[in-house]
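A.B. asks: Quick one: the structure is below, and I'll ask about it shortly.
The values are calculated or read from the model by the stated rules, or taken from the named source; none is laboratory data. Note that the structure is predicted; figures quoted are calculated from it, not measured. Neighbour counts run over all protein chains shown; Cβ positions are idealised from the backbone, glycine included. Side chains included, ligands, DNA and RNA excluded: accessible areas come from the protein's heavy atoms. Shrake-Rupley method; radii C 1.70, N 1.55, O 1.52, S 1.80 Å.
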Amino acid sequence: MAAVHVTVWDDRDRAGGGRAPTASAPVPPAISAAPALFVHNIFTWGSDSTYGFAGQRPLADGRRLLMMDRRGYGDSPDTARSDFDVDAEDIVEVLGEGALAAGLDGAHLVGHGNGAVSALIAAARRPDLVRSLTLIQPSAFTAAAHHPVIADLLDRVRDGAPGIPDGVTPEQYLRASTEGLGMAMPEPTSRRLRAVATSMRERPIWEAEIPLEAVRGATLPILVICGTWECAPAAYREHVGLPLMAVAESLTDSLGGRLLRVPGYYPHTQEPAAVNAALREFWG
């Protein structure tokens, strides 16, 4: 059994009128569809409606959705330090279990932000378990280090950009990361603050070595989804949006994927209908 918690959404019986297939009846294509595994970003968990994938619940009418909580988030166990390499191993384990339970070879893999980096690493390690790879605003900065915007960002962090000062609480950090950039702060529930505390001690994402050649060699179908960011608060767009857009464009080119631009800056939560439609088409 996987070391992390996975929320399972499966509404296929409800979508089919509440009747499950019988042994003598043919299995509809939707029932035999490959599952999809979603891996979240910071400050959140798999089924979260604020930053997670609650908006993707409608996709459960056609396949089983697996919403993984990374270690230290949601209902998964605590961790001293969240690490993208460890998350990648957890993803591989969940992929194997999910595909086995469905009686199918592999699952569709979706990752957002730092979760997309772990998804890339997992896909490179076990491409046989991955039907397709969707990257929503991936934080794979080292994979686009040649881009001037990313090069400047990496220079700043590697030269000792200020870290989180001692004594800063998760609630203070959440407020600075939202209201401090011109956005609304979500309610500081204990569940949210635990996620923020884990995010505060994540292994720096710029230490990730993105296995681009291995992913290219796996010839997986790849979809990259990125916001357009024109309506984002100016500071958030400058410090976060511009680098993420540069990474999305770079990964699309280097991996031979398809790039989908969605209005806003949190594609799957602000424009869930557009993202869900794209995922349905992409998965086939």
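A.B. asks: Across the range 241-250, what is the total count of residues that are within 17 Å of ALA145 (Cβ to Cβ) and either modelled with pLDDT under 95 or open to solvent by less than 10 Å² (accessible area, probe 1.4 Å) (or both)? Before the answer, list the steps.
C.D. replies: Applying the first criterion (within 17 Å of ALA145 (Cβ to Cβ)) to the range 241-250 yields 242-250.
Going one step further and asking which of them are either modelled with pLDDT under 95 or open to solvent by less than 10 Å² (accessible area, probe 1.4 Å) (or both), we end up with 243, 246-248.
Going through the range 241-250 one residue at a time, the tally reaches 4.
A.B. asks: Out of the residues in the range 56-81 that are open to solvent by less than 10 Å² (accessible area, probe 1.4 Å) and more than 15 Å from the chain's Cα centre (by Cα), state the one that is farthest from GLY106 (Cα to Cα).
C.D. replies: Per the stated criteria, the residue is GLY72.
A.B. asks: Could you identify the single residue in ARG192, ARG203, ARG216 that is surrounded by fewer than 18 Cβ atoms within 10 Å (Cβ to Cβ) and under 19 Å from the mean Cα position of the chain (by Cα)?
C.D. replies: Numbers: ARG192 fails: surrounded by fewer than 18 Cβ atoms within 10 Å (Cβ to Cβ); ARG216 fails: under 19 Å from the mean Cα position of the chain (by Cα).
None of the other options fit; the residue is ARG203.
A.B. asks: Right, here's the next one. Tally time: how many residues in the range 111-136 are over 8 Å from the mean Cα position of the chain (by Cα) and not hydrophobic (A, V, I, L, M, F, W, C)?
C.D. replies: Residues meeting the conditions: 8.
A.B. asks: Please find, among PHE43, PHE53, the residue that is within 15 Å of PRO272 (Cα to Cα), touching a Phe, Trp or Tyr at 6+ places or on another chain (Cβ under 9 Å) and crowded, with 24+ Cβ neighbours inside 10 Å. Full working, then the answer.
C.D. replies: On the way: PHE43 fails: within 15 Å of PRO272 (Cα to Cα).
After applying the criteria, what remains is PHE53.
A.B. asks: Go over the candidates ALA151, ALA235 one by one and state the one that is surrounded by fewer than 17 Cβ atoms within 10 Å (Cβ to Cβ), touching a residue at least 12 places away in the same chain (Cβ under 8 Å) and over 22 Å from the mean Cα position of the chain (by Cα).
C.D. replies: Working: ALA151 fails: touching a residue at least 12 places away in the same chain (Cβ under 8 Å).
One residue alone meets the criteria, ALA235.
A.B. asks: Let me ask another. From (1) open to solvent by less than 50 Å² (accessible area, probe 1.4 Å); (2) within 19 Å of HIS146 (Cα to Cα); (3) among the acidic types (Asp, Glu), pick out the condition that doesn't hold for ASP253.
C.D. replies: Every listed condition holds for ASP253 apart from (1).
A.B. asks: Another question, if that's okay. Of (1) at pLDDT 95 or above; (2) not in a helix (DSSP H, G or I), CYS231 satisfies all except one. Which?
C.D. replies: (1)
A.B. asks: So which residues in the range 105-127 are open to solvent by 10 Å² or more (accessible area, probe 1.4 Å) and modelled with pLDDT under 95, if there are any at all?
C.D. replies: Within the range 105-127, just ASP105 meets the criteria.
A.B. asks: Here's a check for you: in the range 256-273, which residue that is in a helix (DSSP H, G or I) and either at positive phi or in contact (Cβ under 8 Å) with a residue 24 or more places away in the chain (or both) is most open to solvent (accessible area, probe 1.4 Å)? Working first, answer last.
C.D. replies: First, pick out the residues of the range 256-273 that are in a helix (DSSP H, G or I): 267-270, 272-273.
Checking the rest, the ones that are also either at positive phi or in contact (Cβ under 8 Å) with a residue 24 or more places away in the chain (or both) come to 267-270, 272.
Numbers: PRO267: 0, HIS268: 0, THR269: 42, GLN270: 76, PRO272: 40 Å².
By that ranking, first place goes to GLN270.
A.B. asks: Turning to a different aspect of this structure: Looking at (1) surrounded by fewer than 20 Cβ atoms within 10 Å (Cβ to Cβ); (2) touching an Asp or Glu at 6+ places or on another chain (Cβ under 7 Å), which is the only condition PHE282 fails?
C.D. replies: Of everything listed in (1) surrounded by fewer than 20 Cβ atoms within 10 Å (Cβ to Cβ); (2) touching an Asp or Glu at 6+ places or on another chain (Cβ under 7 Å), PHE282 misses just condition (2).
A.B. asks: Report every pair of residues separated by at least 6 positions or lying on different chains whose Cβ atoms are under 9 Å apart, first residue within the range 195-216 and under 20 Å from PHE43 (Cβ atoms), second of a type in the set (Asp, Glu) and surrounded by fewer than 17 Cβ atoms within 10 Å (Cβ to Cβ).
C.D. replies: VAL196/GLU171; THR198/ASP78; ARG203/ASP85; ALA208/ASP85
A.B. asks: Suppose the filter is touching a His at 6+ places or on another chain (Cβ under 7 Å), part of a loop (DSSP other than H, G, I, E, B) and either open to solvent by 20 Å² or more (accessible area, probe 1.4 Å) or at pLDDT 95 or above (or both); does GLY17 pass it?
C.D. replies: Working: touching a His at 6+ places or on another chain (Cβ under 7 Å): no; part of a loop (DSSP other than H, G, I, E, B): yes; either open to solvent by 20 Å² or more (accessible area, probe 1.4 Å) or at pLDDT 95 or above (or both): yes.
For GLY17, the condition - touching a His at 6+ places or on another chain (Cβ under 7 Å), part of a loop (DSSP other than H, G, I, E, B) and either open to solvent by 20 Å² or more (accessible area, probe 1.4 Å) or at pLDDT 95 or above (or both) - is not met.
A.B. asks: Follow-up. Based on this model, can you work out whether GLY96 counts as part of a helix (DSSP H, G or I) and modelled with pLDDT under 95?
C.D. replies: Numbers: part of a helix (DSSP H, G or I): yes; modelled with pLDDT under 95: yes.
Answer is yes for this residue.
A.B. asks: Select from the range 221-232 the residues that are crowded, with 20+ Cβ neighbours inside 10 Å, closer than 26 Å to ASP128 by Cβ and in contact with a Gly (Cβ under 9 Å, 6 or more places away or on another chain) and list them in ascending order.
C.D. replies: ILE222, LEU223, VAL224 - these are the residues of the range 221-232 that are crowded, with 20+ Cβ neighbours inside 10 Å, closer than 26 Å to ASP128 by Cβ and in contact with a Gly (Cβ under 9 Å, 6 or more places away or on another chain).
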